[in-house]
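Here's the structure, in structure tokens; my notes come after.
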Amino acid sequence: MANPQPWDWNMPKGVSGISQRVYDLHMLGFYVCLGIGAVVFTIMFIAMFRFRKSRGAVAETWAHSTRLETVWTIIPILLLMMLAWPATRLLIDMNDVGDADLTVKVTGFQWRWHYDYVEYEKANTGVAFISSLAAESNRVRQLGSGLDPHSVKDEDYASYLLDVDNPLVLPVGVKIRFVITADDVNHAWWVPTLGWKQDAIPGIVNDAWTQIDEPGTYRGQCAELCGRDHAFMPIVIRALPKAEFEQWLASRKAGAASTAALVTGPGHRG
Amino acid sequence: MAAVNPAIHQDTHDIHDHKPHGFLHRWLFTTNHKDIGTLYLVFSLAMFFVGGAFAMVIRAELFQPGMQLVQPEFFNEMTSMHGLVMIFGAIMPAFVGLANWMLPMMIGAPDMALPRMNNWSFWILPFAFLMLFSTMFMPGGGPQGGWTMYPPLALQGGMNVAFSIFSIHMMGISSIMGAINIIATILNMRAPGMDLLRMPVFVWSWLITAFLLIAVLPVLAGAVTMLLTDKYFGTSFFNAAGGGDPVMYQHIFWFFGHPEVYIMILPAFGIVSEVIPTFSRKPLFGYQAMVYALACIAFLSFIVWAHHMFTVGMPLGGNLFFMYGTMLIAIPTGVKIFNWVTTMWGGSLTFETPMLFACAFVILFSIGGFSGVSLALVPADFQYHDTFFVVAHFHYVLVTGAAFAIMAAVYYWLPKWSGHMYSEKWGKVHFWSSAISVNLLFFPQHFLGLAGMPRRIADYNVAFAEFNMISSIGGFWFGLTQIIFVGVIVHCVFFSRVRATGQVWEGSHGLEWTLPSPAPYHSFSEPPVITAGMLAHGDVSR
């Protein structure tokens, strides 16, 4: 499953080639650590049982071995190189934001996201809107509301605090470039199924990219402390097949002229 | 003139080994390293409970999804204060207290080199924290921008901005003076024969830590001062609208912050390097490698700071440099872990409470180290960053690392301080209850972070409910367990009838164990004559 489920205990594999490779790197790191841990802790536990004074163990007096110490300096170096190589290759690929067909500008506000479809297939779209926590979640999350968070559903998913009024609609199979910034304080734009997060910082424009492989609804939230309602500024992506996305974009474009004043909001620079 | 000078009268008084009369006179004006050590340790224990109470509020609100107890702004206040109090109030003063008590006794010195400054560096602290706590009663409440105080968010605070920054200045001054004192003591006041490479590893760890403190606390002071002028004097160091750069704050802060992490763990390495050989009845394996590994870790701590900020959008080359640098730290840290395990191999082991805490330290600190290696991998860090995975990571290194080492040290040296043995039975109850509950508390937080729960959120999706509840139960259990700790200490100091011998532990070596228990108010007024086998586990010639 792509979105968090009860008892989930591992990173999602995600829905892009990059997120799959991030997952593989995470698991490689985990197995290397597990291997080292198994060896070191086994030796330690054997020592703790075998060399107990109550079992008549007599202490030896040696305290040095250049050969041993060389060995356990070199082995970790080799293991680390084994991790560094795929990490470096993946990082280089994640850094390559060129040749995108769609550019979305993401701006973080206290406490909502503004999305601007800057360019699609080399044409300006003029589509932009604000995405905020959905009304039902917002009612339930008030202190002393007495409402049950489990009751909040979006289709079949228990979506409490991970649902919005206007989801970010994106095409499947298209390289999408995000330019990410903020208007007031630092935020971070994070959808775990894409495999990365990127800080949104006022005065700085960061970029990142993705190419989503499967249609679906993918949920995330702000990941950098941004004040009172930091927990309440989710992100929802609705990934559609390319044709449906273009349909949606066209309908938004048609409506954009009449509602531009409403959806861009006050204080937005364009 | 000399005959009526009260200061001179006081000095001659001390030589006769009398403690000052009267409670205030004894504790407020003391220049005795043992008294000041006690003050530091009592203060840090008190702050451990205050910071722990803040953590209880956090875990209670996160017990279930939905907001049940506090408003989100108060929740943010709790996370910020918990971090500040635990780091600057609990862990750091505890290590300074141990240094005050033990360093002179371990190197054969009569006292710290600068005793009056020593008094001052302690007595600044209670006032600094009173000022910090006072912000919680001001309009707008205490700091809510996290202990890292990133702008622009931290600058949105009200009166607390000025007060918390001044309190951090005071804490910094206190720590710098403490560090100067420790360096002056170690470099100038060692007994004849206590060569640098024969010093106990705990002394080495503090020498290196003190240099880190002097190097980076002024940097923190500079960073928060720039926050202050941005807020009140119209500067734009970190204000993008005025041409400043919010990311620059993070670079400056973490140039302090990463060495700060090692300030909180190097003395713990030193403690474990004393405790494990004692209860293994075997010299520390690879003493010189241990010392060089400490120095190596300290050096690396200066060139890895930006691994706290992989997601701010650094250029590729920057991210790669900080990834490789961070991975290098695993090598000297691995040497330390391997050397502790090898010290135990072939020994004659007993498991008194200090040894239990030291063994748990080795295992659980390693787990924190493993997640640290994972966090160094930049692409994976893009997922881990600012999630509960990070929370789990740094609590494994700071609670089961630094705090467990402090507990090991307290049990290890308490008989030397008080002259009585603590209750081994209750010490073990405290250990096992802590070791089980702390894993229940922090291990599930790895799962929460991987599954997608950010840190510092007051409320969460229902998918995270189960592991949060388990974590909270572990948290309440761990918190309550620490009352046993206080009980054992109070019993040992005031009620225990079991006299401790001078050597206390069968396998203990080193100058502090040549003194009677309790250690006399003035010790080593004459430098000890060091004979073969008298030095601690740092004696390579043995």
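The values are calculated or read from the model by the stated rules, or taken from the named source; none is laboratory data. Just so we're clear, the structure is a prediction, and the values are computed from it rather than from any experiment. So basically every Cβ, Gly included, is an ideal-geometry build from the backbone, and we count neighbours across all protein chains shown. Heavy atoms of the whole protein, side chains included, go into the accessibility calculation; ligands, DNA and RNA do not. Shrake-Rupley method; radii C 1.70, N 1.55, O 1.52, S 1.80 Å.
Just wondering, is there one or more residues in the stretch B:447-457 that are open to solvent by 50 Å² or more (accessible area, probe 1.4 Å) and outside any loop (DSSP other than H, G, I, E, B)? Within the stretch B:447-457, not a single residue is open to solvent by 50 Å² or more (accessible area, probe 1.4 Å) and outside any loop (DSSP other than H, G, I, E, B). Applying the set (1) more than 10 Å from chain B (Cβ to nearest Cβ); (2) in contact with an Asp or Glu (Cβ under 8 Å, 6 or more places away or on another chain); (3) open to solvent by 40 Å² or more (accessible area, probe 1.4 Å) to residue A:7 leaves exactly one unmet item: (1).
The set of residues in the stretch A:189-208 being more than 7 Å from every other protein chain (Cβ to nearest Cβ) and touching a helix residue (DSSP H, G or I) at 6+ places or on another chain (Cβ under 8 Å) consists of A:193, A:194, A:208.
Among the residues of the stretch B:452-471 satisfying the criterion of being over 21 Å from residue A:232 (Cβ atoms) and not hydrophobic (A, V, I, L, M, F, W, C), which is nearest to the other protein chains (Cβ to nearest Cβ)? Among those that are over 21 Å from residue A:232 (Cβ atoms) and not hydrophobic (A, V, I, L, M, F, W, C), it is B:466. Set side by side, the residues B:209, B:185, B:229 differ, and just one is free of Cβ contacts under 8 Å to residues at least 12 places away in the same chain, open to solvent by less than 40 Å² (accessible area, probe 1.4 Å), assigned to a helix (DSSP H, G or I) and polar (S, T, N, Q), which is B:229. Taken over the stretch A:85-122, residues that are more than 14 Å from every other protein chain (Cβ to nearest Cβ) and open to solvent by 40 Å² or more (accessible area, probe 1.4 Å) amount to 8.
Checked against the criterion of being open to solvent by 10 Å² or more (accessible area, probe 1.4 Å), in contact (Cβ under 8 Å) with a residue 12 or more places away in the chain, away from every other protein chain (no Cβ under 14 Å) and not acidic (Asp, Glu), the stretch B:282-295 contains one or more residues that satisfy it.
None of B:320, B:300 is more than 9 Å from chain A (Cβ to nearest Cβ), within 28 Å of residue B:245 (Cα to Cα) and free of Cβ contacts under 8 Å to residues at least 60 places away in the same chain except B:300. Contact annotation: no residue pair with Cβ atoms under 7 Å, 6 or more positions apart or on different chains, pairs a residue in the stretch B:120-144 that is over 24 Å from residue B:97 (Cβ atoms) with a partner that is surrounded by fewer than 18 Cβ atoms within 10 Å (Cβ to Cβ) and among the β-branched types (Val, Ile, Thr).
Counting just the residues of the stretch B:115-146 that are surrounded by 18 or more Cβ atoms within 10 Å (Cβ to Cβ) and part of a loop (DSSP other than H, G, I, E, B), which one comes out nearest to the other protein chains (Cβ to nearest Cβ)? Residue satisfying both the conditions and the ranking: B:146. Select from the stretch A:131-183 the residues that are open to solvent by 40 Å² or more (accessible area, probe 1.4 Å) and touching a Phe, Trp or Tyr at 6+ places or on another chain (Cβ under 6 Å) and write down the one among them that is farthest from the other protein chains (Cβ to nearest Cβ). Across the stretch A:131-183, the extreme among qualifying residues is A:166. Of all residues in the stretch A:70-84, those being open to solvent by 40 Å² or more (accessible area, probe 1.4 Å), within 7 Å of chain B (Cβ to nearest Cβ) and of a type in the set (A, V, I, L, M, F, W, C) number 1.
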